[in-house]
Amino acid sequence: MLDNPLLNNRPIKINRALISVFDKTDIVVFAQSLHSHSVEILSTGGTANALRGAGVPVKDVSDYTKFPEIMDGRVKTINPLVEGGILGLRDKHNAEAVANGVQWIDLVVCNLYPFSETISRDGCDLALALENVDIGGPTMIRSAAKNVGWACVLVDPSDYSNVMAEIALGEISYETRKKLSAKAFGHTAQYDTIIHSYVKDEGFSKQLSLTFVKQSEMRYGENPHQHAALYKTPGNNEPNLLNATVHQGKKLSYNNIMDADGALACVREFAAPACVVVKHATPCGAASGDDLLDVYNRAFNADSLSAFGGIVSFNRTCTKDVAEALLSVFVEIVLAPEFEPEALEVFKKKKSLRILEVGQFGKRKPKLEFRNVDGGLLVQETDTKIITKDDLCVVTEKSPAEADIETALFAWKVLRHAKSNGILIAKNSTTIGLGGGQVSRVDAVHMALRKGGDSVVGGVLASDAFFPFRDSIDAIKGSGVVLVVQPGGSIRDQEVIDACNEHDIAMVFTGTRCFKH
């Protein structure tokens, strides 16, 4: 007796297989193994040609169905003899199969053309994308995955060897079929998700489908007791951390990737040569200017204590002189669009240092970002809003100097990569002191002042949200801060403006906040 009349959990013998694959890795070896165990092989198109070319006997699906491929190949495997052969329950539907000339297809070997490659082509439009949507392949895969009691499905060449071993012993176990069925449903789900993401309207659609491919297992997550893995967006070939060339160094950890991604995001804010140093996902030092070595020195020395063991990122080619300067400090990762060959030679003196070549990148592009909450996801657009001089509104009696306006814009670009409540003091396009992740704004001000020390004299203080009280302005009295930049919008804005006027400090409103939780 079967445990379930609809689900045979006994081993099955493979007598007939249907093979139609885009990824032809090891398919000839697999088919030769099937043939050696007297398995009849049905196939189509390029797969059939590849097998015949290797001397493997193959029957065309059209010869089996007695129905030709029609409509430019759009219709070839959607046929009752194919689907019935895969889907039929061998004990229950045998009489119907015989009456209708259906022969059982016990094994389906099929994988799909990666739709992500189609939509990544230059000039791809909706018509071309839809023309490359596979219909017959997913149908065969899902049919075999559904009928796991009587059929087996293979979508991944890495599973061929295990299946060959079981066939050599005579049968495929139910446990193996069940595992391969789950993988097959995942294969078609990912395929459909990529299509859905491409064809759906922009913005926040009613259904949100996400799919990623595991790139690697991590040693552990944020802490050693947490399991972790890295997943990549299918078909994404843009310059980013996951596509970077790793020239040397130890394997990246979970925290390395988080910090390096934050460093890359921040340094991409700048058009001029820039360096950003990140520690624990926070930009502890940043600078922009004309000479990359000078920019690096200013960024690192902005908070050299926090920079110890941090991530150093550049938006220009890392040169030999910069590499030599980096040898004297301890950092985990250096990332840049490119590295001079001489710089790579210098870095070889520190074999454990990770060197990541990201490729030429520009400013960040708009995208969606996600946060897990119990029961669902929070989804929002990434903050890529650019603040310009024209967005700034002077609200105090004192007007800021032109150079201080430029520093204010610099500070804003860095500040939005720090945790709220966030206060950043900068001078001459260099960070001086950061107070981030504080539960009160005045505490963040005090932290930034303490970090900056005497260097805050002549500096610009930026706040990621409005000041709810004048206490933060009173805290910078006598510090030497010459300009405050903040969003404005508090019911006590006038109180804050009055405090700036009392202390002879200029202040501008951006009209936009840059919270980051």
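Bear in mind these aren't lab numbers, they're just calculated from the coordinates by the rules spelled out. In this text the structure is predicted, and so the values were computed from the model without any measurement. In this analysis, Cβ positions are derived from the backbone assuming ideal geometry, glycine residues included, and neighbour counts consider all displayed protein chains.
Here are a few things to note about the model shown:
- Per-peptide average of other Cβ atoms within 10 Å, ordering 371-377, 429-435 highest first: 429-435, 371-377
- Among Met71, Val21, Ala97 the positive-end extreme of the charge dipole of segment 16-199 (Cβ point charges): Ala97
- A dipole drawn for the chain from +1 and -1 charges on Cβ atoms has a positive end, and of Gly285, Leu51, Gly362 the residue lying farthest that way is Leu51.
- Remark: the Thr245-Arg90 segment gains 50.6 nm on full extension, using 0.36 nm per residue and subtracting the alpha carbon distance.
- Magnitude of the charge dipole, the chain, Cβ model with Lys/Arg +1 and Asp/Glu -1, debye to 20: 1280 debye
- In summary, the lysines within cross-link reach of Lys477, defined as a Cα separation below 28 angstrom excluding same-chain residues under 8 places away, comprise Lys389, Lys398, Lys413, Lys419, Lys427, Lys451, Lys516.
- Only beta bridges with both residues in segment 241-357 are counted; by DSSP, about 60 percent of them are antiparallel.
- Scalar couplings 3J(HN,Hα) for segment 154-170, obtained by applying the Karplus form with A = 6.51, B = -1.76, C = 1.60 to θ = phi - 60°, are 10, 10, 10, x, 5, 8, 4, 5, 5, 5, 4, 5, 6, 4, 4, 8, x Hz; x denotes Gly and Pro.
- Reachable lysines from Lys76, criterion Cα separation under 29 angstrom, eight or more residues apart if same chain: Lys13, Lys24, Lys59, Lys66, Lys92, Lys146, Lys178, Lys179, Lys183, Lys200
- Of all stretches in the chain that contain no chymotrypsin sites (Phe, Trp or Tyr not before Pro) in a DSSP loop with at most 16 other Cβ atoms within 10 Å, the longest one is 23-203.
- Percent RCO, i.e. relative contact order, over the chain, from Cα pairs under 8 Å lying at least 6 residues apart: 9 percent
- Label separation (Tyr220 vs Thr388): 5.0 nm, computed from points 7 Å beyond Cα along the C-beta direction.
- Tensor-based shape of segment 380-509 (alpha-carbon gyration tensor, a/c under 1.5 rounded, otherwise prolate or oblate): rounded
- When only alpha carbons are used to place a centre, segment 336-363 and segment 33-59 end up 48 Å from one another.
- Nearby lysines by direct alpha-carbon distance to Lys320 (threshold 26 angstrom, same-chain neighbours under 8 apart not counted): Lys250, Lys251, Lys279, Lys348, Lys349, Lys350, Lys351, Lys363
- Separation of segment 152-223 and segment 401-448, taken as the distance between their Cα centroids, equals 45 angstrom.
- Shape of the chain, Cα gyration tensor, a/c cut at 1.5: prolate
- Residues whose placed amide H lies under 5 Å from that of Gln248, excluding near-sequence neighbours: Ile355
- Nearest-0.05 FRET efficiency for Leu210 and Phe330, computed from C-beta distance (R0 51 Å): 0.85
- Share antiparallel - DSSP beta bridges, the chain, percent rounded to 5: 55 percent
- Using the Cβ of Glu338 as centre and a radius below 9 Å, the other residues enclosed give a net charge of -1, where K and R count +1 and D and E count -1.
- Between the helical axis of 441-452 and the longest alpha-carbon principal axis of the chain there is an angle of about 80 degrees.
- Trypsin sites (Lys or Arg not before Pro) restricted to DSSP loop in segment 103-159 with at most 11 other C-beta within 10 Å: Arg121
- Per residue, the average separation of C-alpha pairs within less than 8 Å and at least 6 apart gives segment 16-199 a relative contact order of 23 percent.
- Cleavage-rule hits (GluC sites (Glu not before Pro)) in segment 167-216: DSSP loop, at most 10 neighbouring Cβ within 10 angstrom: Glu202
- DSSP beta bridge pairing in segment 16-199, given as percent antiparallel to the nearest 5: 5 percent
- The Cβ shell under 15 Å around Asp443 holds other residues with a net charge of +1, Lys and Arg each +1, Asp and Glu each -1.
- Environment charge at Pro80 (Cβ cut-off 15 Å; Lys +1, Arg +1, Asp -1, Glu -1): 0
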